[in-house]
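Below you'll find the structure, written out as structure tokens, and then a few comments.
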2 protein chains.
Amino acid sequence: MEKAFIIWLTGLPSSGKTTLANRLKEILLSRGFKVEVLDGDEVRKWLSPEAGFSREDRERHLRRVAYVSMLLARNEVVVIASFVSPYRNIREEARRLAENNGIRFIEIYVKCSLQECMRRDPKGLYQKAVEGEIKDMTGIQDVYEEPLNPEIIVDTERKTPEECIKELVNEMQKFGLI
Amino acid sequence: MEKAFIIWLTGLPSSGKTTLANRLKEILLSRGFKVEVLDGDEVRKWLSPEAGFSREDRERHLRRVAYVSMLLARNEVVVIASFVSPYRNIREEARRLAENNGIRFIEIYVKCSLQECMRRDPKGLYQKAVEGEIKDMTGIQDVYEEPLNPEIIVDTERKTPEECIKELVNEMQKFGLI
């Protein structure tokens, strides 16, 4: 069992990252870990209040998140970072920063088709993007680069959140994390 | 003894903040605390690579630092934040964020006259400011707002670093921090 590590959830908006992050947090807390969930809106408010959603802004924001994740994890706090984080290069940067500091980095692809994410759309963001109100929406105007080799894939389209969490915990045990 | 808290060192450039931060870190580590020093240049590189030294940029940067400090401290990591942090309003914001999260915030004024800081000037920054190469230097073109009511004042002009550290540790004991 590791003292701390970084769980990096990546996936399209509405793919189910936040749900998984919060469930996973409960499980890890109950096993005695310290845990911080770093999640989109709340973290943006503090780290990048001025940023928009251009590629440059997103990259800058995710670099901040990667740094904060590293600071926490090297002090034995498990980080669950839950961000669309659409670009491979930045996810790789986050991984390098962690691993260069001796921290394990687990990339989890929260997989769900664009069609299904658009059907869910709990915040109405896809709708706004389709109507042109939002200009930089991942999946619509902006690219989402699927992970090529993530440690874990959870299929939130075909499985219930409960099944996904069970699978996630199983995989994490196989990796010797918990 | 508290599990964690935030030590916020504020003072003019070249007043001796970094020296104190590093010595204090050693002492706290030897007493079993987890400690992170957040210090000017290194933290800027990650959190605010695009920022300059305008009031707006500095405030934004210090807000990020305040947030990161809070995340660490609420996970039982002592934070030593060492920044010029020239504006009262932002230091107060950092304090509120900490205290609203149940974290003690200790403002330490690293006191040294502008004249003496300009004499030391190890990085040659004051010289550059006087020559007009730097435009936003605290103490020259930009204001430094002295703390009105800091928890601790250390006088690095009249005392050696060793004396300052001894005093600092004494005061921290009186505050029940260590």
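Some notes on this structure:
- The residues of region A:49-87 that are aromatic (Phe, Trp, Tyr) and modelled with pLDDT of 95 or more, listed by number, are A:67, A:83, A:87.
- For residue B:80, the stated conditions hold: it is within 12 Å of the chain's Cα centre (by Cα) and either part of a loop (DSSP other than H, G, I, E, B) or more than 8 Å from chain A (Cβ to nearest Cβ) (or both).
- Residue ranges of helices (runs of 4 or more DSSP H) in region A:89-178 with at least 2 members in contact with a helix residue (DSSP H, G or I) (Cβ under 6 Å, 6 or more places away or on another chain): A:161-174
- Taken together, B:148, B:177, B:114, B:125 contain a single residue that is under 23 Å from residue B:78 (Cβ atoms) and either among the charged types (D, E, K, R) or touching a residue at least 24 places away in the same chain (Cβ under 8 Å) (or both), which is B:177.
- Taking first residues from region B:61-77 that are more than 7 Å from chain A (Cβ to nearest Cβ) and without any contact (Cβ under 8 Å) to a residue 40 or more places away in the chain and partners that are basic (Lys, Arg) and assigned to a helix (DSSP H, G or I), the Cβ contacts under 7 Å between residues at least 6 apart in sequence or on separate chains come to B:61/B:44.
- Residue within region A:28-40 that is over 22 Å from residue A:161 (Cα atoms), more than 12 Å from chain B (Cβ to nearest Cβ) and not hydroxyl-bearing (Ser, Thr, Tyr) present: yes
- Every listed requirement among (1) at the interface with chain B (Cβ under 10 Å from one of its Cβ atoms); (2) closer than 28 Å to residue B:50 by Cα; (3) surrounded by 15 or more Cβ atoms within 10 Å (Cβ to Cβ) is met by residue A:50 save one, (3).
- Matching entry among A:103, A:90, A:153, A:134 (being over 17 Å from residue A:18 (Cβ atoms), among the hydrophobic types (A, V, I, L, M, F, W, C), surrounded by 13 or more Cβ atoms within 10 Å (Cβ to Cβ) and at pLDDT below 95): A:134
The values are calculated or read from the model by the stated rules, or taken from the named source; none is laboratory data. Computed from a predicted structure; not experimentally measured. Using ideal geometry, Cβ is built from the backbone for each residue, glycine included, and neighbour counts are taken over all protein chains shown.
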